[in-house]
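Structure record follows, encoded as structure tokens.
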Amino acid sequence: MRAEELAAASTRKRGARISRRDVLSVARDLFERQGYEGTTTDDIAAAARITKRSLYRHFGSKEQLLYELHDGFLGDLLTAVENLSGSPEERLRSVVGAHIGNLREHGRDVKVFYEEVKHIGSARQGDLLRRQQEYERAVVEILRDGVETGDFTVADPKLAAKAILGGLTDCYRWFDTSDTGNAGAIADELNRLILHGVEPPNQPGTPVRLTPRLASALQERATTAGESPVDRIVTAATHLFSTRGYHSTTTQQIADRAGITKGALYYHVKYKEEILVQIMRNLLDRYLSILDLGRTLDLPVPQRIASYIIGQTYAISLDREAVAVLIEEQKYLPDDMAPEIDEKERFAYSVFQQSLVEGTTSGVLDPVDLRVANLFMTGMVTFAYRWYQPGDGLDVSDLGVRFAELALHGVRTRPKRRQGSSRKR
């Protein structure tokens, strides 16, 4: 009994020394490994080696822990944009540098937060949205100032700000936070892409135009279809996984939403994991079909890249819930099925990369860091699933064109094309 009392006293002593940041780090590690819903406050207290009572003294709830992960990295970003000075370009460069520096410090916090944010209640969601909009407004103001000075050519500064910040934030999915010396180089490449795009900056940009036939073909390949029982099960599960999370969703809930019995569900699928894999497989197969269409057509490289981006925009806008599942629930993929999803993602990356290499080799694209360009452009579009709402005044075709223009041309004002000239690509 004496030994147990000493152990308890030692635990209390260590608990007294632990900081809020230490507890947050422990919670983040558990959320990352087990998911928010798969982690209890008992788990967090035990891992932090404090009592549950001490945990609640630091944080009022498990939700508060998740909220404060966001508060840490967004608070730093808001501080960074408060006192910016210089030209619009200098200020925009500062924002990019601060954002990547923030990911270097808080990359895992960002990852966990965006994968688990669905579990934050509506009151705190409103507060998060207000703070995110404050950060976004600072970037919109920079872009508008650049348009006024003639330094930037941006048709819609608000949309451009969302795209830029989306691409920057999506870097958490590939940026190696352990390679601290690489942050400056990554920020430089991203600034180059945001300012100038992938086309040579000293030339007029390629007009982004798709024929009605190509636009229709891309949209058709991006569209979900199917009314079979399996399709209904997948559709029901996609909604539930994206709104409740995979861990919190039961097969009974999926069956109820699909309008079938639980027995009928198990007739078509054996395990809940099988449905998760099918959601991701369907989405990636549609995207690969879009890439295949652009690859088989005889399009100049810039227009081919535009077709990839516009087609991906269709896919995301038409099935935002499936994108949410792909991005946020991959930790729950069974070990024997994860390689298939990983291979599809790698193949999509390689097809896009092939066009970038071809364009650079032929001189129609600028020699940039092609890996960063590929990941940033893809992330810029992918991240739109978090904010784009069909019917909010911006047609998905126009959205795709704006994304493509930003990827190809950037925001920096380019030389004007001489009237009557036609530069072949």
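Every number here is computed from the coordinates shown, using simple stated rules; none is lab data. Since we're looking at a predicted model, the values are computed, not measured.
How big, in percent, is the set of alpha carbon pairs in region 68-151 lying more than 14 Å apart? Value for region 68-151 (Cα pairs over 14 Å): 66 percent. Between the labelled values [x] 35, 31, 18; [y] 33, 27, 22; [z] 40, 30, 18, the entry that holds semi-axes √(5λ) of the Cα gyration tensor in Å as derived from this structure is [z]. Counting only residues at least eight positions apart within a chain, or on another chain, the lysines with an alpha carbon under 19 Å from that of Lys118 are Lys62, Lys331. Could you give P(r) for region 212-409, binned at 5 Å from zero, as whole percent values over all Cα-Cα pairs? With a bin width of 5 Å, the distribution comes to 1, 7, 16, 18, 18, 15, 11, 7, 4, 2, 1, 0. Along region 160-175 the Karplus relation, 6.51 cos²θ - 1.76 cosθ + 1.60 evaluated at θ = phi - 60°, assigns HN-Hα couplings of 4, 5, 4, 5, 5, 5, x, x, 5, 5, 5, 4, 4, 7, 9, 5 Hz to successive residues, with x for each Gly and Pro.
Applied to region 228-243, the Karplus parametrisation 6.51 cos²θ - 1.76 cosθ + 1.60 on θ = phi - 60° returns per-residue 3J(HN,Hα) values of 6, x, 5, 4, 5, 5, 5, 4, 5, 5, 4, 4, 5, 5, 6, 9 Hz, with x for Gly and Pro.
Classify region 14-103 from the C-alpha gyration tensor, please: rounded if a/c falls under 1.5, else prolate or oblate depending on whether a/b exceeds b/c. It is prolate, given that a/c is not under 1.5 and a/b is the larger ratio.
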